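Participant: Dumping the structure here so I can ask a few things about it.
The values are calculated or read from the model by the stated rules, or taken from the named source; none is laboratory data. Please read these numbers as outputs of a predicted model, since none were measured by experiment. A quick note on method: Cβ atoms are made from the backbone with ideal geometry, for glycine too, and the neighbour counts reach across all protein chains shown. The area values use the complete protein model at the heavy-atom level, side chains included, leaving out ligands, DNA and RNA. Shrake-Rupley method; radii C 1.70, N 1.55, O 1.52, S 1.80 Å.
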Amino acid sequence: MRGRLRDGSVVLGGLKDNLKTIRHSRGIIFVGCGTSYNAALAARPFSRALRVKEVALMHSEGMLAGEMKHGPLALVDETLPIIVIATRDACFSQQQSVIQQLYARNGRLIVMCSEGDAASVCPGGSCRTIEVPRVADCLQPVINIIPLQLLAYHLTVLRGFDVDQPRNLAKSVTTQ
């Protein structure tokens, strides 16, 4: 595992092609459930979605898979990229159900899945995938965060923005 993380093969395999498909999009949705929801939000409320907003200047939201039926499903079409984190855990079957619903509505899906699961999470090979190693459930969010962080970084660079100087943001918070 350590060698694969070091050389980048864990995350760069499916990431670069996916970046080209979302580069010119107006927004992006991150969907997770259980510990994968924590990865979408990176253990701090809306952090992964917030990172994309801050540095790539793209509207993004992180949401629970169960919330897709309560409004966000109406936004799904072929122009909105949706990253679904569907690695093997207790919520895997629920994530598969969400993927089916998004696919039925012509969603532009990018599914993060465990190695070897691409065929089972993408109906008929219809979506793009980012495969990550399968590890213990308690460590899976740590592995899942790596490609999401790289996605925010590379998306920012592709869109022509400075990763180190986000627009209209201060490096520190001051109070009066």
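Participant: With θ taken as phi - 60° and the coefficients 6.51, -1.76 and 1.60, list the Karplus ³J(HN,Hα) couplings across region 72-86 in order, rounded to whole Hz; mark glycine and proline as x.
Facilitator: Karplus values, whole Hz, x for Gly and Pro: x, 4, 5, 7, 6, 7, 6, 9, 9, x, 10, 9, 9, 8, 10.
Participant: What does the charge add up to near A118, with Lys and Arg as +1, Asp and Glu as -1, over the other residues with Cβ less than 10 Å from its Cβ?
Facilitator: Charge balance in the 10 Å sphere: -2.
Participant: With a 1.4 Å probe and every protein chain left in place, tell me how much accessible area C91 has, in Å² to the nearest 10.
Facilitator: 30
Participant: Report ³J(HN,Hα) in whole Hz for each residue of region 104-111, in order, from the Karplus equation J = 6.51 cos²θ - 1.76 cosθ + 1.60 where θ = phi - 60°; Gly and Pro get x.
Facilitator: Working through the residues one at a time gives 4, 9, 6, x, 8, 8, 10, 10 Hz.
Participant: While we're on this one: Which residues' amide hydrogens lie under 5 Å from the amide hydrogen of M112, considering only partners 5 or more residues apart or on another chain, with H built in the peptide plane?
Facilitator: It is V84, I85, A86, I130, by chain and number.
Participant: What do you reckon, how do D89, D162 stack up by accessible area (1.4 Å probe), largest on top? Intermediate results must be reported in sequence, preceding the final value.
Facilitator: Details: D89 35, D162 80 Å².
Putting D89, D162 in descending order of accessible area: D162, D89.
Participant: Between beta-carbons, use under 11 Å as the cut-off and find the net charge around R134, counting Lys and Arg +1, Asp and Glu -1. If you can, show how the numbers build up before the last one.
Facilitator: Numbers: positive: R88; negative: D89, E115, D117, E131, D137.
My count for the surroundings of R134 gives -4.
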